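J.: My structure is below; once you've seen it, I'll send some questions.
The values are calculated or read from the model by the stated rules, or taken from the named source; none is laboratory data. Quick caveat: nothing in here was measured; it's all calculated off a predicted structure. Reconstructed Cβ throughout: ideal geometry from the backbone, glycine too, with neighbour counts over all protein chains shown. Quick note on the areas: whole protein, heavy atoms, side chains included, nothing else; ligands and nucleic acids left out. Shrake-Rupley method; radii C 1.70, N 1.55, O 1.52, S 1.80 Å.
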Amino acid sequence: MQISIVVPCYNEGNNIRNFQLEMQKVLGQSVAYELIFINDGSRDNTDNILRELAEQEENVYYISFSRNFGKEAAMLAGLEFARGDAVIIMDGDLQHPPSMIPQMIGKFEEGYDQVIARRNRKGDSLVRSGLSSLYYRLINWFVEVELEDGVGDFRLLSRRAVNALLSMKEYNRFSKGLFAWIGFKEYIIDYENLTREDGKSTWTFPKLLNYAFDGLLSFNNKPLRASIYIGTTLTAASILYVIVTLIQIIFRGVDVPGYFTLISAILLVGGVQLTFLGLIGEYIGRIYYETKQRPHYLVYETNMETADPENNKK
């Protein structure tokens, strides 16, 4: 049995060697494994370190993108290039503890297709923890799959689960939803929240917000359905308001000019229209990108070939 460990990297030059040494310490010679680092257009010395490490260690491989394509593309590349019987996706900053890997492999050998690591919120600020909890409550009300707070990309996937993920070719990928969508037999392992070994996270609040919207829009059409309901309700309310106002005018005449009412109605209806136009525009934009059928990433340099012969032809 061979395990493929996929490690997306963006400006992780100071962490890669420590990560590789930790993997040697944890796995040693007990497990046959390959380390696949995905250099997602890093601007530091990540590419040089990966080349040196690949020359020194026969089980270390790297894939360097032509530019930054994002973590979703990096994970997809890792899954396409991985050759193991099972694939583990984890970050290279040691926030995902390598010490959990033997336990994950043990559960895989017991027959689980997804062994999922779930972190607690220890160390996070109250604001961030509260917003995260609120987000998961809201998104699970909308989307067609169940997403759990604390569950991320750190997981082991069987070859069957990997093939299922690779069969989905959509351009706008939201891996948390895809992992939940494919199903299969799952097992969850909890672990303590850890800090980065070195450097700062690139997940700023705007990026997290965009990621949240991706999750909301990728796995449901309820916002579009809601626009129909809200639009219908507003239309009915407007008709009722017109009828009531007309009756008052007939029996009592016009007492006060309806400037305030008119402006309020315009602002309310106009705001709702603009909101749903933007929402519809998001869906249309996603359709636009899907129809282009662009590749998810471009490889600038690598020392391996994909496990799938069809991908090697591209």
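J.: Looking at the stretch 154-174 only, could you name the residues that are open to solvent by 20 Å² or more (accessible area, probe 1.4 Å), touching a residue at least 40 places away in the same chain (Cβ under 8 Å) and either in a loop (DSSP other than H, G, I, E, B) or within 21 Å of residue 101 (Cα to Cα) (or both)?
T.: Those that are open to solvent by 20 Å² or more (accessible area, probe 1.4 Å), touching a residue at least 40 places away in the same chain (Cβ under 8 Å) and either in a loop (DSSP other than H, G, I, E, B) or within 21 Å of residue 101 (Cα to Cα) (or both): 159, 160, 170, 171, 172, 173.
J.: Please go through the stretch 1-43 and pick out each residue that is among the acidic types (Asp, Glu), closer than 26 Å to residue 68 by Cα and not in a loop (DSSP other than H, G, I, E, B). Please lay out each step first, then the result.
T.: Narrowing the stretch 1-43 to residues among the acidic types (Asp, Glu): 12, 22, 34, 40.
After this cut, where a residue has to be closer than 26 Å to residue 68 by Cα as well, the list is 12, 34, 40.
Scanning the stretch 1-43 gives a single hit, 34.
J.: Look at residue 12 and say whether it is surrounded by fewer than 23 Cβ atoms within 10 Å (Cβ to Cβ) and either acidic (Asp, Glu) or in contact with a helix residue (DSSP H, G or I) (Cβ under 9 Å, 6 or more places away or on another chain) (or both). Outline the logic, then answer.
T.: Details: surrounded by fewer than 23 Cβ atoms within 10 Å (Cβ to Cβ): no; either acidic (Asp, Glu) or in contact with a helix residue (DSSP H, G or I) (Cβ under 9 Å, 6 or more places away or on another chain) (or both): yes.
No.
J.: Please state which of the following conditions residue 120 fails to meet, knowing it meets all the rest: (1) open to solvent by 60 Å² or more (accessible area, probe 1.4 Å); (2) out of contact with any Asp or Glu (no Cβ under 6 Å at 6 or more places or on another chain); (3) at pLDDT below 80.
T.: Every condition holds for residue 120 apart from (1).
J.: Also, I was wondering about something else. Can you find a residue that is among the hydrophobic types (A, V, I, L, M, F, W, C), over 11 Å from residue 7 (Cβ atoms) and assigned to a loop (DSSP other than H, G, I, E, B) anywhere in the stretch 95-107?
T.: Taking the stretch 95-107 and keeping what is among the hydrophobic types (A, V, I, L, M, F, W, C), we get 100-101, 104-105.
Checking the rest, the ones that are also over 11 Å from residue 7 (Cβ atoms) come to 100-101, 104-105.
Adding the requirement that they be assigned to a loop (DSSP other than H, G, I, E, B) leaves none.
Among the residues of the stretch 95-107, not one is among the hydrophobic types (A, V, I, L, M, F, W, C), over 11 Å from residue 7 (Cβ atoms) and assigned to a loop (DSSP other than H, G, I, E, B), which makes the answer no.
J.: OK, next. Report yes if some residue within the stretch 45-59 is open to solvent by less than 30 Å² (accessible area, probe 1.4 Å), of a type in the set (Asp, Glu) and in contact (Cβ under 8 Å) with a residue 40 or more places away in the chain; otherwise report no. I'd like the intermediate steps shown before the answer.
T.: Let us first name the residues in the stretch 45-59 that are open to solvent by less than 30 Å² (accessible area, probe 1.4 Å), namely 46, 49-50, 53-54.
Within this subset, residues satisfying the condition of being of a type in the set (Asp, Glu) are none.
No, the stretch 45-59 contains no residue that is open to solvent by less than 30 Å² (accessible area, probe 1.4 Å), of a type in the set (Asp, Glu) and in contact (Cβ under 8 Å) with a residue 40 or more places away in the chain.
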